[in-house]
1. If only one of 144, 159 is more than 16 Å from residue 27 (Cα to Cα), of a type in the set (Val, Ile, Thr) and assigned to a helix (DSSP H, G or I), which one is it?
2. Is it the case, given these coordinates, that residue 58 is farther than 29 Å from residue 133 by Cβ, in contact with a Lys or Arg (Cβ under 8 Å, 6 or more places away or on another chain), among the polar types (S, T, N, Q) and modelled with pLDDT of 95 or more?
3. Tally the residues that are surrounded by 14 or more Cβ atoms within 10 Å (Cβ to Cβ) and either within 16 Å of the ligand (Cβ to nearest atom) or closer than 27 Å to residue 58 by Cα (or both), restricting the search to segment 229-254.
4. Could you tell me how many of the residues in segment 1-37 are out of contact with any Gly (no Cβ under 9 Å at 6 or more places or on another chain), modelled with pLDDT of 95 or more and either more than 27 Å from residue 79 (Cβ to Cβ) or of a type in the set (Phe, Trp, Tyr) (or both)?
5. Kindly list the number of the only condition in (1) away from the ligand (no atom under 16 Å from the Cβ); (2) under 25 Å from residue 301 (Cβ atoms); (3) assigned to a helix (DSSP H, G or I) that fails for residue 199.
6. For segment 205-219, check the following and say yes or no: at least one residue is within 16 Å of the ligand (Cβ to nearest atom) and either in contact with a strand residue (DSSP E or B) (Cβ under 7 Å, 6 or more places away or on another chain) or under 22 Å from residue 122 (Cβ atoms) (or both).
7. (1) free of Cβ contacts under 8 Å to residues at least 60 places away in the same chain; (2) polar (S, T, N, Q); (3) within 16 Å of the ligand (Cβ to nearest atom): which one isn't true of residue 226, the others all being true?
Amino acid sequence: MNMVEPIKDKYGRPVESIRISVTERCNLNCIYCHNEGQMEAKTEMRAEEIEKILEIASRIGIKDVKFTGGEPLMRKDILDIIRAGRKYMEDVSMTTNGTLLAPVALKLKEAGLNRVNISMDSVERERYRKITGKDMVDRVKDAIKASVEAGLYPVKVNIVAFPDSFDDIFKTIEFVWSVNAMPQIIEAINVGRNKKLYAIDEIEKRIASMAVDVRVRKLHKRKIYSIVYDGKIREVEIVRPMHNSEFCANCNRIRLTSDGMLKPCIMHNRGLVDILTPLREGATDDELIALFKKAIMNRFPYWR
Ligand code: SAM
């Protein structure tokens, strides 16, 4: 248990978690991808560099890590990276497209991964292929099942909402529930304003009308709706990052790009702090802690 109090930014928001892109390489080419707001990478952090940064993060009260990318499973040393997370963080999670996940789900669990988010915008083969550029939806479905079997918990399935995805989303949600995973509907960032309003508003309205209960997560004040399906209570989470001041007011994370820049927010590139170059040049722990604090103080709520 990390007893260090998290540092608060200038807006009083404690920074308790870090989202690390471990590579910008990916085997899919999703039409809408924001690449975690990262610009083209100049280099890629080594596993031991990620470990050192996590050690420093733990010393300023950061308790949770989410590994992302690019596609994190493109890294041959992903198990080392997960072990590094396990060593310093209370919660270790990963966001993956799932195409390479099924054969390694158990190994990831054994290395210390607690939970996983798997991206599958559609359960339908042709639609999935159009969105991602690859005919790989079966692999992703297998990965969801393998992750549940491996004991990763919860297994969440990220589904980005598009204006024409109304009916398809419900088929995808039903598949996710049927294999005991949890769907998470994500509002698309940086698509046309009207499109986004239609997509997420209509989908959330329909979900809310079916719900028997709703609770609110601490992170981003995200809503989780409970719905009775097939005689059981199932859940679906809604993530609304756009034009949402509550989302920003309840953001507790800092980001790290795959080339080692601390990044205050996905939505913009102001206030980036290079931590990798000083680390490679032999910076002391105190100097690295100071860089973290600088990046935290560069945070501001994007939507107010
Ligand atoms: N390759 C991994 C994956 O597919 O999960 C990790 C990286 S991906 C950028 C992380 C998550 O961001 C995915 O769930 C993806 O659907 C989501 N995402 C990408 N572009 C987005 C956008 N423009 N708006 C909302 N979510 C987006």
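1. Of 144, 159, the one residue that is more than 16 Å from residue 27 (Cα to Cα), of a type in the set (Val, Ile, Thr) and assigned to a helix (DSSP H, G or I) is 144.
2. no
3. The total comes to 17.
4. 6
5. (1)
6. Checked against the condition, which is being within 16 Å of the ligand (Cβ to nearest atom) and either in contact with a strand residue (DSSP E or B) (Cβ under 7 Å, 6 or more places away or on another chain) or under 22 Å from residue 122 (Cβ atoms) (or both), segment 205-219 yields no hits at all.
7. Here residue 226 meets the rest and fails (3).
To keep it simple, each residue is scored yes or no on (1) more than 16 Å from the ligand (Cβ to nearest atom); (2) farther than 23 Å from residue 275 by Cβ.
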residue: 2; (1), (2): yes, no
residue: 8; (1), (2): yes, no
residue: 25; (1), (2): no, no
residue: 31; (1), (2): no, yes
residue: 53; (1), (2): yes, no
residue: 77; (1), (2): yes, no
residue: 110; (1), (2): yes, yes
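The values are calculated or read from the model by the stated rules, or taken from the named source; none is laboratory data. No experiment lies behind these values; they were computed from the predicted model shown. Here Cβ is always computed from backbone atoms with ideal geometry, including for glycine, and neighbour counts include all displayed protein chains.
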